[in-house]
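Okay, structure first, notes after.
The values are calculated or read from the model by the stated rules, or taken from the named source; none is laboratory data. Source: prediction; values computed, not measured. Note that each Cβ is placed from the backbone with ideal geometry, even for glycine, and that neighbours are counted across all protein chains shown.
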Amino acid sequence: MRLPQNPPTAMLPARSEGSSSMSLTRFSISLDAALVRRFDAKIRADRCPTRSKAVGDLIRACLVQQEWQAGDEVAGAIVMVYDHHKRDIVKTLTEVQHDCHKAIISTQHIHLDHDNCLEILAVRGAPREIGRMLTRLKAVKGLKHVSLAAATTGERLS
């Protein structure tokens, strides 16, 4: 069986919202039926409106990972939970943040209860720089939780 040299794709009309427009391409994929059933169940549970949206979200997540691996400028959030009564923890966290100030674009501090605080650092910069900051923060004695939500600046995604 010969495959066509230029597989057909259907281009849908461009949509415009404001000044930006997006061209959509229709394509087909073949997957195991059980895999598709599981995927459909997941996107229904997630209340995702369409398979196309779900597949697009997966592709964008993969591209964000690629940005982090390539060393491109990225963005994200570092989330920390700690007991602010622990000796020197606030001082140590502040020192790390001042040492890494170029990558921190915003901070938010929330009092969860009398003892526990949630702190969110919005970060932007080189993945290596953000990774070094994350490593330093994870080493701070007394932190109950530290995690990174790796994101994108959005410049390379549509």
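For the stretch 33-48, indicate whether the set of residues that are at pLDDT below 85 and more than 19 Å from the chain's Cα centre (by Cα) is non-empty. No, that holds for no residue.
Quick check on SER30: is it loosely packed, with under 10 Cβ neighbours inside 10 Å and modelled with pLDDT of 50 or more? Against the criterion (loosely packed, with under 10 Cβ neighbours inside 10 Å and modelled with pLDDT of 50 or more), SER30 qualifies. Testing LEU118 on (1) surrounded by 12 or more Cβ atoms within 10 Å (Cβ to Cβ); (2) modelled with pLDDT under 95, one condition comes back false. Which one is that? Failed condition: (2). Scanning the stretch 1-27 for residues that are among the β-branched types (Val, Ile, Thr) and either modelled with pLDDT under 50 or surrounded by 10 or more Cβ atoms within 10 Å (Cβ to Cβ) (or both) yields one hit, THR9. Modelled with pLDDT under 90, charged (D, E, K, R) and surrounded by 10 or more Cβ atoms within 10 Å (Cβ to Cβ), is that true of ASP83? In short, no.
Condition check ((1) in contact with a Leu (Cβ under 8 Å, 6 or more places away or on another chain); (2) hydrophobic (A, V, I, L, M, F, W, C); (3) under 24 Å from LEU143 (Cα atoms)) across all residues:
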site: LEU58; (1), (2), (3): no, yes, no
site: CYS62; (1), (2), (3): no, yes, no
site: GLY76; (1), (2), (3): yes, no, yes
site: HIS84; (1), (2), (3): no, no, yes
site: VAL90; (1), (2), (3): no, yes, yes
site: ALA103; (1), (2), (3): no, yes, yes
site: HIS109; (1), (2), (3): yes, no, yes
site: ASP115; (1), (2), (3): no, no, yes
site: ILE120; (1), (2), (3): no, yes, yes
